[in-house]
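Report on the structure given below.
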Amino acid sequence: MLFGETIQVALSAIRANKLRSFLTALGIVIGVAAVITMVALGTGAQKAVREQIETLGTDLLSVYAGQSMHRGVSSSSVRLTTDDSEALEREGRGFKAVIPEMRRTQQVKYVNQNISVNVIGTTPAYVSANNYKVSYGRTFTAGDGEARKRVAVLGYALPEQLSANPAAMLGQQIAIRGIPFEIIGVLAEKGAQGSWWNPDEQILIPVQTAEYRIFGSDRLNSITVQVSSPDSANVAMIEIERVLRREHGVRPGADNDFQIRNRAEFLATMEETTKTFTFLLAGIAAVSLLVGGIGIMNIMLVSVTERTREIGIRKALGATRRNIMLQFLVEALVLCMLGGALGILAGSGGAIALSVLANWNTMISPGAVALAVFFSAAVGIFFGIWPARRAAMLDPIDALRYE
């Protein structure tokens, strides 16, 4: 029997039992669709996390106050101050920018609207380091800070909260803690960073103005150090440690009374977490592929039993064991590949539907599609070998006698 004829016979057998063939392939359809959809969810989550962290800046190091130890007892009296930020800016080597941050929640009034909002005292470098854009007006300058001017830059969401037009707010007065400030700019939308913080809901003012006119304190919530590249972060951390240990009078051998966090490391950790999550989802979904393969093997074994007499006739007419084995392997492979193709369509459609209807972050991975196709073909071959071998090993005389 020729190779082409063997394939035609296999396809004819599939067409002769369309409903059974479809139901047999359904397990593969569900398995492939589940794998593609789950991987799309995991990849989309990974991409969203990466974008969120990158908007915060991967070339930034954040310094926070830690705890000092006195006679074995921790104390929270350690503070970061503007003197610390000035020392880092003055003595630190390899820093692109040193950005102090004073953050307090204050009552803000505009015309007849009152809201409670985060007010951040910082430097002009805060905007560029954190990848902000200015939609209207301008940001404050170093000169505004040195003169302790009462100028403010609003986050994107504040004009809407204050029921005002952002462009019309420029040059207007906004009261922070009862003190009037001139609105000189409005930032572009940045987007919420999860449920814990929305950078669009804040007001930026010069750190000197915040220290002397609003907060009455030189205490900082944090200091952000911008490095030239993420690769130089480790060297920069050593520099920060050297300067601050001397500023705080930390003795040799004693623990630091401050903390340094690398946002790039946070990105790597989150990416690793979401990657593990993606593999977990794909592994769970792949179980359905295994179940579908077992279903195909079961149906193929039944098919061999039903077609025993047919196999005997083919062998009597000259078909070899190889021909018979190839015929049943082709049937199993076609069923799996057909199921894989339908599964790709169903999985891609499911991922798009989740993105549109549920507003979830999904991204269809070409690698996942290729893997699903390969896996469906592998399932067809693996689970088709035993039924094909059983059919090929039938004795022609016994097969012809089978009723």
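State the number of residues belonging to segment 317-338 that are surrounded by fewer than 18 Cβ atoms within 10 Å (Cβ to Cβ) and either under 19 Å from residue 40 (Cα atoms) or in contact with a helix residue (DSSP H, G or I) (Cβ under 7 Å, 6 or more places away or on another chain) (or both).
Adding up the residues that qualify gives 2.
Yes or no: segment 257-264 includes at least one residue that is of a type in the set (D, E, K, R), touching a helix residue (DSSP H, G or I) at 6+ places or on another chain (Cβ under 8 Å) and modelled with pLDDT under 90. Walk me through how you get there before you give the answer.
Just the residues of segment 257-264 that are of a type in the set (D, E, K, R), to begin with: 257, 261, 263.
In the following step, the residues that additionally are touching a helix residue (DSSP H, G or I) at 6+ places or on another chain (Cβ under 8 Å) were identified as 257, 263.
Now narrow it down to the ones that are modelled with pLDDT under 90: 257, 263.
Yes.
Run residue 241 past the list (1) more than 30 Å from residue 336 (Cβ to Cβ); (2) crowded, with 20+ Cβ neighbours inside 10 Å and report the number of the one that doesn't hold.
(2)
Considering only segment 211-222, I want to know if a residue exists there that is surrounded by 14 or more Cβ atoms within 10 Å (Cβ to Cβ), at pLDDT below 95 and β-branched (Val, Ile, Thr).
Checked segment 211-222: at least one residue is surrounded by 14 or more Cβ atoms within 10 Å (Cβ to Cβ), at pLDDT below 95 and β-branched (Val, Ile, Thr).
Those residues that are within 30 Å of residue 7 (Cα to Cα) and at pLDDT below 80, I need them from segment 336-371; list them, please.
Answer for segment 336-371, where residues must be within 30 Å of residue 7 (Cα to Cα) and at pLDDT below 80: 367, 368, 371.
Does residue 228 satisfy the condition of being in contact with a helix residue (DSSP H, G or I) (Cβ under 9 Å, 6 or more places away or on another chain) and among the hydroxyl-bearing types (Ser, Thr, Tyr)? Break it down into steps so the answer makes sense when it comes.
Values: in contact with a helix residue (DSSP H, G or I) (Cβ under 9 Å, 6 or more places away or on another chain): yes; among the hydroxyl-bearing types (Ser, Thr, Tyr): yes.
For residue 228, the condition - in contact with a helix residue (DSSP H, G or I) (Cβ under 9 Å, 6 or more places away or on another chain) and among the hydroxyl-bearing types (Ser, Thr, Tyr) - is met.
Test residue 341 against the criterion of being closer than 20 Å to residue 42 by Cβ, of a type outside the set (Phe, Trp, Tyr) and either part of a helix (DSSP H, G or I) or not assigned by TED's automatic domain parsing to the domain that holds residue 27 (or both), and give yes or no.
no
Could you look through segment 302-316, keep only residues that are touching a residue at least 24 places away in the same chain (Cβ under 8 Å) and of a type in the set (Ser, Thr, Tyr), and pick out the one that is surrounded by the fewest Cβ atoms within 10 Å (Cβ to Cβ)?
The residue in question is 308.
Just to check your reading of the model, which residue among 373, 304, 334, 379 is out of contact with any Gly (no Cβ under 8 Å at 6 or more places or on another chain) and in the same structural domain as residue 18 (by TED's automatic domain parsing)?
Exactly one of 373, 304, 334, 379 is out of contact with any Gly (no Cβ under 8 Å at 6 or more places or on another chain) and in the same structural domain as residue 18 (by TED's automatic domain parsing), namely 304.
The values are calculated or read from the model by the stated rules, or taken from the named source; none is laboratory data. Please read all numbers here as calculations on a predicted model, not as lab measurements. Note that we place each Cβ from the backbone using ideal geometry, even for glycine, and neighbour counts take in every protein chain shown.
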